[in-house]
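So the structure is just underneath, and the comments pick up after that.
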Amino acid sequence: MTVVAINGVSKQFKGGTVALRDIDLEIEPGEFVSLIGPSGCGKSTLLRIVGDLIQPSEGRVTVNGKPARKAREDHDYGIVFQDAVLYDWRTVSKNIALPLELAGTPRQERQAKVEQMLELVELQGFGDHHPWQLSGGMQQRVSIARALSFDPALLLMDEPFGALDEMTRERLNMELLKIWAETGSTIVFVTHSISEAVFLSTRVAVMSARPGRISNVIPIDLPQPRGEATREDPHFFELVTDVREALHGSHEQVPS
Amino acid sequence: MSSAPVAVQPLPQGGVARMVGRRARDWIPAILVLVLTLGVWQGGVKAFHVKRFLLPAPSAIWTAFTNNQHALWREGWFTFQEALGGFAIGCGAAVLLAMVVARWRPLGNALMPYAIAANAVPIIAFAPITNAWFNPLTKSSKMAVAAVLCFFPVFVNVVRGLTSVKPQQLELMRSYAVGQLAVFRLVRIPTSLPFLFTSLKVASVLAMIGAIIGEYFGGSLDSLGANIKQDAALFQFEKAWAEILVACILGIGFYLAVALAERLATRWQPPGGFQSE
């Protein structure tokens, strides 16, 4: 069953700005789809529409075959933002456990799950720390652990590594791929980094701005599992070039 | 990941004893300043024969303090009760109204400009009026001054705290599909705690000021303020200073109690709080 189905979605903000026009996209289970485009192309808006955090002006979105609202109420997805958005007054463990707490999961089950998540994001031993005691990269790993703690089928990520330095970003890219392989979840990933999109994704949806549209969808047929060798694969560079040209092509159509 | 992650900020190390020891060492300069000030004060008063109505020597104040201890603490307790009552009423009302205002924004938009304006005016000017509203000999007239003084800074700060939640923290809560009440409990109230305690510390000082100033405008002779005023008029300056000393001790004690409560309620903060947020 299709995990995310976006049909004819448009979004016009109050004041008349058309953020998105006629978006169609279907995402199958286990896919890793990146949304890439210039700033202002509405990629984050689209992600929020999928998560039912923003209402589309037209069109409809289904997640796991349900209307987006129902999917949100059923906790069908986890979300990670550019900032880790951790609650300062909660320890790392309690941040990770928050969605479980809200779902009424019993304490023992919660603790077991938190331990499992800390191991998944390689933060064993940091459960009792508070967020301010962690580096930016570690905070973002906590945020990912929190989004995965309740085993959602879908993970929405809004430029999760955008605020991190290049080395941390590449390391977390590797970790994310490992997590994706281990959990088998479906990921929708917003980024403005071409190489990041190509390295991570099974498909890259290239968006253009004003109004935001999907101009190309490029399948990334690099072999799995990916690793350091992938970044040196000639085909990786070809695909980076394809995505870059698609981005530039979409620019040219826009009078600026 | 090749290497184990390392925390940027270490957890506080060592036992309570070591912490107290370090604290004590941190206090040494401040204690030296106190001793030095008292020494210069005492020496200066003696050397220059300063008139006692200008400034009595610390030793004379201390003698007046020890000789009248029983009466002084009774007066102090009377005034402290007024301050405490006013603090509780003023801060309680402020927190309740702040929660209402944070929940229903249009109400806040209507009220906040006046609250901020009121926060900037010398509310102490109302002290003689509250004596007219209530019997000046009762504690309630002074509690009223203290309560009004405490109200505005707490109200303004708590509203700011409850509404300064980062938008993404609310988006995350929305993604969990939780109701307004849970958002209040899980996000807004914890976010507001540092703001609340900052204002409570201010209010603890204002409550003592309010109670004592209220007493200056007429109050029971069981109170500190009325006695300070009377003793100064009767040329009993040492006793007046001893009463001021009691007011200082109580005021500082009150402040420290609130500061301790803050430390206990917001243990999650780094020592010294978040500087840049």
Please give the helix A:166-183 orientation as an angle from the longest Cα principal axis of chain A, in degrees from 0 to 90, rounded to the nearest 10. 80
On a 0 to 90 degree scale, rounded to 10, what angle separates helix A:92-102 from the longest Cα axis of chain A? 80
How tilted is helix A:136-148 with respect to the longest principal axis of chain A? Cα atoms for both, answer in degrees (0 to 90, nearest 10). 90
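What's the exposure ranking of B:LYS239, B:LYS142, B:LYS51, A:LYS113, going from fewest to most Cβ atoms within 10 Å? Display every interim value, and only then the final one.
Numbers: B:LYS239 23, B:LYS142 33, B:LYS51 10, A:LYS113 20.
Ranked by crowding around the Cβ, least crowded first: B:LYS51, A:LYS113, B:LYS239, B:LYS142.
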What does the charge dipole of the protein assembly as shown about its Cα centre add up to, to the nearest 20 debye, if the Cβ of each Lys and Arg holds +1 and the Cβ of each Asp and Glu holds -1? 2280
Gaussian network model of chain B, springs between alpha carbon atoms under 10 Å - residue of B:ARG105, B:ARG23, B:ARG185 with greatest fluctuation: B:ARG23
So, with +1 on the Cβ of K and R and -1 on the Cβ of D and E, and no other charges, what is the size of the charge dipole of segment B:72-265 about its Cα centre, to the nearest 20 debye? 860
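Could you line up B:THR79, A:THR186, B:THR163 from fewest to most neighbouring Cβ atoms inside 10 Å?
On the way: B:THR79 32, A:THR186 25, B:THR163 17.
Taking fewest neighbouring Cβ atoms as first place, the list is B:THR163, A:THR186, B:THR79.
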Which FRET efficiency value, to the nearest 0.05, is calculated for B:SER59 and B:ALA117 with the Förster distance at 45 angstrom and r the Cβ-Cβ distance? 0.45
How many angstrom lie between the Cα centre of segment A:100-150 and the Cα centre of segment B:190-233? 46
Could you list B:LYS201, A:LYS66, B:LYS139 so that the one with the fewest beta carbons within 10 Å of its beta carbon is first and the one with the most is last? A:LYS66, B:LYS201, B:LYS139
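Given R₀ = 22 Å, what would the calculated FRET efficiency be for B:VAL100 paired with A:ARG69, taking r from the Cβ atoms and rounding to 0.05?
Values: r = 29 Å, r/R0 = 1.33.
Taking R0 as 22 Å, the efficiency between B:VAL100 and A:ARG69 is 0.15.
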5 Å is the cut-off here: which amide hydrogens, built 1.01 Å from N in the peptide plane, fall below it relative to A:GLY212, excluding neighbours closer than 5 in sequence? A:LEU20, A:ARG21
Geometric extent, Cα atoms of the protein assembly as shown - Rg, Dmax (angstrom): 31.5, 97
With springs only between Cα atoms under 10 Å, which of B:LEU170, B:LEU32, B:LEU206 fluctuates most in a Gaussian network model of chain B? B:LEU32
Anchor B:LYS229: lysines whose Cα lies under 29 Å away (excluding residues fewer than 8 positions away in-chain): B:LYS46, B:LYS51, B:LYS139, B:LYS142, B:LYS201, B:LYS239
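Values in this text are rule-based calculations from the coordinates and carry no lab data. Just so you know, these numbers come straight off a predicted model, no measurement behind them. For neighbour counting, all protein chains shown are included, and Cβ atoms are generated from backbone atoms with ideal geometry for every residue, glycine included.
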